Amino acid sequence: MERNIHITNVENSPAVCFDTGLDPRSFARTKMSQCLIEQGFAVKPDGTRQIWKAAGVKEINGLMRVWGPMFSGKRLDIILEEIDSPAPGSGETNALYQNALQAVVYWIRAKMLMGETRTAINPGASFIHPKGGVFFAPEHLSNRCLFIEGSKLDRYNCPDLIGMDTTAFCAGIMLYKIFSGFHPYPSADIYQDMREGIFMPVHLAAPSLDKKLSELIHSALILPVVSKKTTKSGTDILSEMLEILMGKEGKITSISDLFCEIPAEKTTQVEKEKKRYQIKQSSFVKTRRFLVRNKYLVIGVAVGLLFILFAVISTARSIMLRPTTEGLTSFQVIEAYYNAFSSLDHVFMEACTQGSAGKRDINAAATYLAIVKQREAYEMTIEPIFYPASEWLEKGGELPSPRAFGVTDLIIKLIGGNEDAENVAYNADYNLWTPTEEYVIIRSDRLMLKRDRRGNWRIIEIMRTENIGLN
């Protein structure tokens, strides 16, 4: 992989070089020349520091390269990449891990020595000398070059943190990688994982690691997580890390001394816990993020389901409250039907019938009821709009009858069947008074009744003859 921040010869002398990937015109247009005055820092093993500034710009193969004084060392991110293998073992592999640990410890120490002075945080912008010196490249210049390299995502830093919290978080990730052998945030949703604290717990990723160091790494990784904010500051975490990783004489602790032996049964248990955690966390995270990404859709679906549920409950309740002919004899059903017609109770009339029987009567009652409600709303009167026909006649009513409606002189006769039979037939003779006619309507209905599936009598057919009569 081509590195845009590297050490090479410039004018026959080694130098730290920054390949910007810009042609001369673009370099001028983006004002990259301002990077020539941007400072970098070199921290020596004894703790003293020097300011590093670019010495010049050179065009190489049509692209602009910024270069400056030489610093002998190796890029920290390259050192970490060399341990992309199983966790510390022995021989050459273990030496790579020890070398990486030493580089990270030197980096932490240098950051602590720099204090509040702002320095580049990306490991790709730092060079580590084997003797303990650390070079921090100019921040904006190095970020430009790392972006061109393809490091579009800084996998070691969360953009939400500032100051020493940023340093502690970066150190936590690097140490996690060294002691577990893998990065804590391997997915593409790395920044979201950082903010939500989605990583394999340190005690599962490196179960035999020193307990206190494991807790410090965990504290560092949850710094961006608002809901799990640790009480330790970034400075506290870094200081305690150095106490464990760097002895009083400045000697880096051996990796083997940071691990302890654990029983085989505990290793098996840890593996089971890791699998359970991965399954549970994966399912939980996918569900939660799906809900967050599709919150408006989910809210819409939820509202729709609540509406449907409300409609179903309302329908069920209305069905439960709907009147029935339960407990009525066939004779009483017919009598109730015509009384409901007089009182404009079209809902109960429907309960007395089945199929298309009585639809004409039911529609007429519903129409007159609508007229009554509309006139009551507009006229705001307490006087009845229509009188029951029987009441109107008792008051000596005369035709035409603009305010009378209903059935009078009802005579019901059984003509076939009985209460124990499957079907029963009746004749019903009566007079019908309506406010739209100037005469009384004399009707004779033949009604067929049958029990429904609940055993209640219902009118299934009405055969009608009618004549016009005078009062």
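The values are calculated or read from the model by the stated rules, or taken from the named source; none is laboratory data. What you see is a predicted model; the values in this text were computed from it and never measured. Note: ideal-geometry Cβ built from the backbone for every residue, glycine included; neighbour counts use all protein chains shown.
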Give the number of residues within segment 228-252 that are touching a residue at least 60 places away in the same chain (Cβ under 8 Å) and buried (at least 17 other Cβ atoms within 10 Å of the Cβ). 7
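Quick check on my filter: what residues within segment 36-51 are in contact with a strand residue (DSSP E or B) (Cβ under 6 Å, 6 or more places away or on another chain) and either charged (D, E, K, R) or closer than 13 Å to M64 by Cα (or both)? Quick ask: steps written out before the conclusion?
Step one: filter segment 36-51 for residues in contact with a strand residue (DSSP E or B) (Cβ under 6 Å, 6 or more places away or on another chain), giving 39-43, 49-50.
If the condition is that a residue be in contact with a strand residue (DSSP E or B) (Cβ under 6 Å, 6 or more places away or on another chain) and either charged (D, E, K, R) or closer than 13 Å to M64 by Cα (or both), then R49 is the only one that fits.
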Is it the case that some residue within segment 225-233 is within 30 Å of E261 (Cβ to Cβ) and either of a type in the set (S, T, Y) or touching a helix residue (DSSP H, G or I) at 6+ places or on another chain (Cβ under 7 Å) (or both)? yes
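Just to check your reading of the model, which residue among F71, F18 is at pLDDT 90 or above and either within 30 Å of S256 (Cα to Cα) or touching a Cys at 6+ places or on another chain (Cβ under 9 Å) (or both)? Quick ask: steps written out before the conclusion?
Values: F71 fails: either within 30 Å of S256 (Cα to Cα) or touching a Cys at 6+ places or on another chain (Cβ under 9 Å) (or both).
So the residue among F71, F18 that is at pLDDT 90 or above and either within 30 Å of S256 (Cα to Cα) or touching a Cys at 6+ places or on another chain (Cβ under 9 Å) (or both) is F18.
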Taking only segment 56-69 into account, find how many residues are at negative phi, surrounded by fewer than 16 Cβ atoms within 10 Å (Cβ to Cβ) and not in a strand (DSSP E or B). 0
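Does segment 28-44 contain any residue that is among the aromatic types (F, W, Y), at pLDDT 90 or above and within 15 Å of F136 (Cβ to Cβ)? Steps first, answer last, please.
Filtering segment 28-44 for residues among the aromatic types (F, W, Y) gives 41.
Now narrow it down to the ones that are at pLDDT 90 or above: 41.
Subset that is within 15 Å of F136 (Cβ to Cβ): 41.
Yes, because at least one residue in segment 28-44 is among the aromatic types (F, W, Y), at pLDDT 90 or above and within 15 Å of F136 (Cβ to Cβ).
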Within segment 164-185, restricting to residues that are of a type outside the set (A, V, I, L, M, F, W, C) and touching a Lys or Arg at 6+ places or on another chain (Cβ under 9 Å), the one that is farthest from G21 (Cα to Cα) is P184
All positions within segment 421-471 that are in contact (Cβ under 8 Å) with a residue 60 or more places away in the chain and either touching a Cys at 6+ places or on another chain (Cβ under 8 Å) or small (G, A, S) (or both): A428, R458, I459
Residue in segment 132-147 that is under 34 Å from the mean Cα position of the chain (by Cα) and part of a loop (DSSP other than H, G, I, E, B) present: no
Restricting attention to segment 194-248, and to residues there that are assigned to a helix (DSSP H, G or I) and among the hydroxyl-bearing types (S, T, Y), which single residue is nearest to Y97 (Cα to Cα)? S214
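In segment 162-184, how many residues are assigned to a loop (DSSP other than H, G, I, E, B) and either buried (at least 21 other Cβ atoms within 10 Å of the Cβ) or at pLDDT 95 or above (or both)?
Pass one, segment 162-184, residues assigned to a loop (DSSP other than H, G, I, E, B): 162, 181-184.
Next, only the ones that are either buried (at least 21 other Cβ atoms within 10 Å of the Cβ) or at pLDDT 95 or above (or both) stay: 184.
Matching residues across segment 162-184 total 1.
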Within segment 434-448, tally of residues that are more than 27 Å from Q354 (Cβ to Cβ) and not aliphatic (A, V, I, L, M): 5
I need the full set of residues from segment 17-55 which are small (G, A, S) and either more than 27 Å from G133 (Cβ to Cβ) or without any contact (Cβ under 8 Å) to a residue 24 or more places away in the chain (or both), in order please. G21, S26, A28, S33
